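The structure under discussion appears below in the form of structure tokens.
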Amino acid sequence: MRPAAFDYLRPTAVAEAVRGISGSDGAFFYAGGTELLLALKMRVLRADRLIDLKRIPQLDRIALSERGELTIGARATHRQIEESALVQQVLPALGRLCSQVANIRVRSVGTIGGNLCFAEPHADPGTFLAALGARLHLVGAQGERMVAADEFVLGEFETARRDDELLSHIVIPAQAGPSAYRRFRHGERPSVGVGVSWRLAKGGRTIETARIRFGALGPRPQAVEALEQALGGVETAKASGRIAELLPHALDALEVISDRHGGADYKRHLAATLLQRCIADAHQAALGGRP
Ligand SMILES: Cc1cc2nc3c(=O)[nH]c(=O)nc-3n(C[C@H](O)[C@H](O)[C@H](O)COP(=O)(O)OP(=O)(O)OC[C@H]3O[C@@H](n4cnc5c(N)ncnc54)[C@H](O)[C@@H]3O)c2cc1C
């Protein structure tokens, strides 16, 4: 099916893009189009206007601040992130995550911003960004604001983004320890994704704090506080054993939807296995000094 007719804007600045969307119910930003064009063709969505983000410089910039924060432009494609020498150096787990998204065709045009804003629950980046404590920067007619990755996805295809707001970039704080992401899939999209990041105490042998997020199980990435708390003060080499004591009951707290990716019990089992693998990855990274 072909989409219904729409206007097409090609702004060259963020402010122009935001003006283009303000006051229009049927206007959408258009980045890679891998989700949007399909939805328009299937007429699940109807657009009066598309605002193409491809000509706005800086929106695909990947950079490191003096404070060690990694900034990723919303229009950076999965492929750009996967291939970025900077990402490979400071946050290789994010590069690996992006290299596993979809297939090369989707990765070459699909953007991290489009992924986050579409909020399809079977997605990878939002889970790991929440585990990393990332911030999402939004620009709208009312000005700029920042939303924690943890608070961005509200439900299936639903985010904290206002209709007139553009996601401009994502900031990932400097990591004071290793991180890891693992996912399982039997189709194109993940059935379960698990992200872990640790802040290590001085000396690098002990976990000071842990962040763990489970994705694709329910409408949004989820945390299990009992697991995070259990890792505080634990040596990285003993983390796996500590978690094993709490699994699988700790995962009963997760909201898990049975769907074509599997039943809830099966997904909880996968989540437990992936968590243990993430812990092994993080421990190895801590030994090797690579996040
Ligand atoms: C076959 C297939 C397999 C896939 N497998 C995976 C997978 O394994 N893991 C995974 O995580 N994802 C997967 N995806 C999803 C894929 O990652 C997304 O389709 C892609 O990242 C979306 O980016 P886009 O630039 O194409 O977004 P678009 O389709 O251009 O936009 C999507 C939505 O976001 C809005 N939007 C886009 N950019 C912005 C912005 N900067 N600010 C505000 N709103 C914006 C648009 O208006 C639209 O509503 C898969 C998709 C396909 C088609």
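The values are calculated or read from the model by the stated rules, or taken from the named source; none is laboratory data. Worth saying up front: this structure is predicted, and the values here are computed from it rather than measured. Positions of Cβ are generated from backbone atoms using ideal geometry, with glycine treated the same way; all protein chains shown enter the neighbour counts. For the accessible areas, the whole protein counts, side chains as well, though only heavy atoms, and no ligand, DNA or RNA atoms are used. Shrake-Rupley method; radii C 1.70, N 1.55, O 1.52, S 1.80 Å.
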For the chain the mean separation of alpha carbon contacts under 8 Å (6+ apart) over residue count, i.e. relative contact order in percent, is 15
What translational D, rounded to a whole number of µm²/s, comes out for the stretch 136-243 from Stokes-Einstein when the hydrodynamic radius is the Kirkwood one over Cα pairs, at 10 °C and 1.306 mPa s?
100
DSSP-assigned coil residues among GluC sites (Glu not before Pro) in the stretch 38-99, each with at most 14 further Cβ atoms within 10 Å:
E66
Would you mind checking the tilt of helix 264-288 against the longest principal axis of the Cα atoms of the chain, expressed as 0 to 90 degrees and rounded to 10?
70
Counting other Cβ atoms within 10 Å, which trypsin sites (Lys or Arg not before Pro) in the stretch 1-99 have at most 16 and lie in a DSSP loop?
R43, R46, K54, R55, R61, R67
The chain - percent of accessible surface contributed by carbon and sulfur, probe 1.4 Å:
49
Rolling a 1.4 Å sphere over the protein heavy atoms, what is the accessible area per residue of the stretch 1-117, to the nearest Å²?
52
In Å and from the alpha-carbon atoms only, list the Rg and Dmax of the stretch 25-66.
13.7, 46
Largest-first ranking of S191, S258, S22 by accessible area, probe 1.4 Å, whole protein assembly kept, is S258, S22, S191
Between F118 and H249, what FRET efficiency follows from the Cβ-Cβ distance if R0 is 30 Å, with the result rounded to 0.05?
0.35
Tail beyond 32 Å, pair distance distribution of the chain (Cα, percent)
25
Simple spin-label estimate for M146 and A160 in nanometres, 7 Å along Cα-Cβ:
1.2
List residues of the stretch 22-58, by number, whose backbone nitrogen lies under 13 Å from a label position 7 Å along Cα→C-beta of R10.
51-56
Between the alpha carbon centres of the stretch 159-181 and the stretch 5-50 the gap in Å comes to 22
Extension gain, Q88 back to Q229 (0.36 nm per residue minus Cα-Cα distance, nm)
47.8 nm
Sparse-neighbourhood loop hits (trypsin sites (Lys or Arg not before Pro), the stretch 122-201; DSSP loop; Cβ within 10 Å at most 13 others) -> R162
For the stretch 1-92, what relative contact order do you get, as a whole percent, if you take Cα pairs closer than 8 Å and at least 6 residues apart?
29
Run down the lysines and flag those whose C-alpha is under 28 Å from the C-alpha of K54, throwing out any fewer than 8 positions away in its chain.
K41
Go ahead and run the numbers for FRET between R49 and A280, Cβ-Cβ distance against an R0 of 51 Å, rounding to 0.05.
0.55
